[in-house]
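Engineer: Encoded as structure tokens, here's the structure I'll be asking about.
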Amino acid sequence: MSSEPPPGSGEQPPEDDPFRKRPPSDRGPGSPYDAPYGGAQQPPPPYGGGQPPPPGGPYGGSPYGGGPGDPLAGMPPLADSGRRTLARIIDMVLVGIVVWLLTWAFGVREYTVDGDRIEVGRSVAQSFIAALLYVAYDTVLTSRSGQTLGKKWLGLRVAGLDGGGTPSAQTSLVRALVLWVPFAFCCACVWTAIAGGWSFFDKPYKQGLHDKAAKTVVVSAR
């Protein structure tokens, strides 16, 4: 399988990324293919011609059933969508507490008094604070290690389809914007259910809508 990313898939992960897929080396010190035949008896080279087995096993492909061009070949298993949902709920609660404290401290909550009834609404300022914090939280942590706190605690991480490495800051920002801006300004529960729930039905990569926009997947980190 070629180690080159699919066309148009984005930038390459850095060389020092520990999660970046590595192409198999053709030869190495101590390889049984280094010694010529004759003289000392040696077993015949496997796979005909002394070539190492192709990535994904002796028959090529990947554990996900794709062919040699499958970008998931060599990656850990895709994350269970239920665990992804639980990790997202953890992140929403953690950042939501901070949003509530800040909006309360700065008095940006909106109160409507109508006779004996007091309604608490969301102001534009509160929505802006929520969007800013959620996007910053997701972008910074995902671009550093591929893991928000929720994903880290549940053994998940975000990986790029262009090599399996940790997403760049730009990719992480795109992913966070698609997920959190609609959540903060208009349709929190509905958009979260649609964007995140998409992974339950998506084939073959189990991507949410934010994953599709950023060309990422979520895989197991354990």
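The values are calculated or read from the model by the stated rules, or taken from the named source; none is laboratory data. Everything numeric in this text was worked out from a predicted model, so none of it was measured. Neighbour counts are summed over all protein chains in view; Cβ atoms, including those assigned to glycine, are modelled from backbone coordinates with ideal geometry. Each accessible area value is taken on the protein alone, full model and side chains, heavy atoms only, with ligands, DNA and RNA left out. Shrake-Rupley method; radii C 1.70, N 1.55, O 1.52, S 1.80 Å.
Engineer: Against the definition (free of Cβ contacts under 8 Å to residues at least 24 places away in the same chain and among the aliphatic types (A, V, I, L, M)), how does A193 come out, yes or no?
Structural biologist: Criteria met by A193.
Engineer: When region 170-194 is examined, which residues are found to be open to solvent by 60 Å² or more (accessible area, probe 1.4 Å) and either within 16 Å of D91 (Cβ to Cβ) or modelled with pLDDT of 85 or more (or both)?
Structural biologist: Q170, L173, L177, C189, V190, A193, I194 - these are the residues of region 170-194 that are open to solvent by 60 Å² or more (accessible area, probe 1.4 Å) and either within 16 Å of D91 (Cβ to Cβ) or modelled with pLDDT of 85 or more (or both).
Engineer: Taking only pairs six or more apart or across chains, which ones have beta-carbon atoms under 7 Å, a first residue in region 147-164 that is under 20 Å from P71 (Cβ atoms), and a second residue that is of a type in the set (V, I, T) and assigned to a helix (DSSP H, G or I)?
Structural biologist: Correct list of pairs: V158/T142; G160/T171.
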